[in-house]
Structure formats: structure tokens, C-alpha cells
Amino acid sequence: MARKKRGVPEINAGSMADIAFLLLIFFLVTTTMDVDSGLARKLPPIPEDLPETPPQLKEKNLFIVLVNAFDQLLVEGEPMSLENLRSSAKDFLDNNGDGTCTDCRGRRDPASSDNPDKAIISLQNDRGTSYEMYVAVQNELAAAYNELREELAQRKHGKSYDELTPALQKEIRGVYPQKISEAEPKETGE
């Protein structure tokens, strides 16, 4: 008896494209993409009517912070460590040199800022400043404002700043408005 030769069964390749497409969709949907996040800064709105001349600023109401290419701080013309920056900024902001701030508890040094509403922190970095130092200085300055606001919330309302109503938080931000001016980085190399 003669045997029939059996052929090799063929694999149906018609559905292979469908399977590859489904796998592609699956991996696209389930893969996470790393997104670089920057610093969260909200810029103030552009005023409707700009004044003809900029307001005059007393030099004593300006707290100057310089960071060089070697990540060294120069605050008000004096070298300073990062650990002391927050307390120095708080002393400057809470000074109340003119006595108009009823909520301030500062030293009332006539050579320092008049009140928190007039106090401005000026920050300037060198182009060679490391990103870590830039962020650390920003954090210390923001923390000075946050600590002053927290202390005032505890004194006036007996609660944490975060526990207050939005209206009370706005009132406290009015006492200690955050005014940090960041100048264009320079390339001094020092």
C-alpha cells in the first residue's frame, strides 16, 4: 500500500499583523514617560497701566544675595553659609524699621528694612552656579517667608498657616508678601 505524503501544516500568518499591532498598542499604553519638571514659579500678571517712572527704592529695603560660580554666598556684602541664609532673611523681612507693621516682631533696626511690604530680596547667580545651589538658595529664601507666615498664623489664630481659610491665608500673605527679585545671571567666574 502506498502511503500519502503528508504536508507540513502551514501557520496562518494573516493574524500575525493583528497580534503585532495589539502588542504595540499595549506597550504604548502601559509605558510611562519621564517628564522633566522645573521649578514651580508663578509670575505676577502684567499690570494694566505701568507707571511712567519706577518707584524709588531705598537701599536699606533691598536684601542682596549673590551666588558665585563656586557656590559661595555673599549676602549684604558679607560671606555667609547656606545654613544662616534663612535666619538672616527672616531678620531682614521682619525688621519693621519704620514701625508701621503691627504684626512684626523684628529688632526695628533703622539700618535694615522699613517693613515687610517694602522689603525686597534680590538674588543674582553666576552662570557657573550649580543647579543644586540655585535650588537650595531659592528654598531657603522661600522657607524664610513660610516660617514668618507660619509664626504669624500661630500668634494671631492659634492654627497652622495651612489650616487657615483662604481669606485668612491671604491676610497673612498681605503682611508678608513674597518679593524675590531674580536678576539675570552674570558670568563673573568668581
TODO: Considering only region 115-131, state which residues are within 30 Å of residue 102 (Cα to Cα) and either without any contact (Cβ under 8 Å) to a residue 60 or more places away in the chain or not polar (S, T, N, Q) (or both).
DONE: 115, 116, 117, 118, 119, 120, 121, 123
Task: Single residue of region 84-103 satisfying the filter (touching a residue at least 40 places away in the same chain (Cβ under 8 Å) and more than 19 Å from the chain's Cα centre (by Cα)) that is surrounded by the fewest Cβ atoms within 10 Å (Cβ to Cβ) - done: 103
Open item on the list: Can you find a residue that is in contact with a Leu (Cβ under 7 Å, 6 or more places away or on another chain) and either at pLDDT below 75 or not in a loop (DSSP other than H, G, I, E, B) (or both) anywhere in region 45-64?
Closed with: no
Open item on the list: Quick test for you: out of 85, 73, 152, pick the one residue that is among the aliphatic types (A, V, I, L, M), within 27 Å of residue 184 (Cβ to Cβ), at pLDDT 90 or above and in contact with a helix residue (DSSP H, G or I) (Cβ under 6 Å, 6 or more places away or on another chain).
Closed with: 85
Open item on the list: Filter region 151-183 down to the residues that are within 20 Å of residue 94 (Cα to Cα) and either surrounded by 16 or more Cβ atoms within 10 Å (Cβ to Cβ) or in contact with a Pro (Cβ under 6 Å, 6 or more places away or on another chain) (or both) and list them by number.
Closed with: 151, 152, 153, 161, 171, 172, 175, 176, 179, 180
TODO: Could you tell me whether any residue of region 136-147 is charged (D, E, K, R), buried (at least 16 other Cβ atoms within 10 Å of the Cβ) and out of contact with any helix residue (DSSP H, G or I) (no Cβ under 9 Å at 6 or more places or on another chain)?
DONE: no
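The values are calculated or read from the model by the stated rules, or taken from the named source; none is laboratory data. Keep in mind it's a predicted model, so treat the numbers as computed, not measured. Glycine gets a Cβ as well: all are built from the backbone with ideal geometry, and neighbour counts include every protein chain shown.
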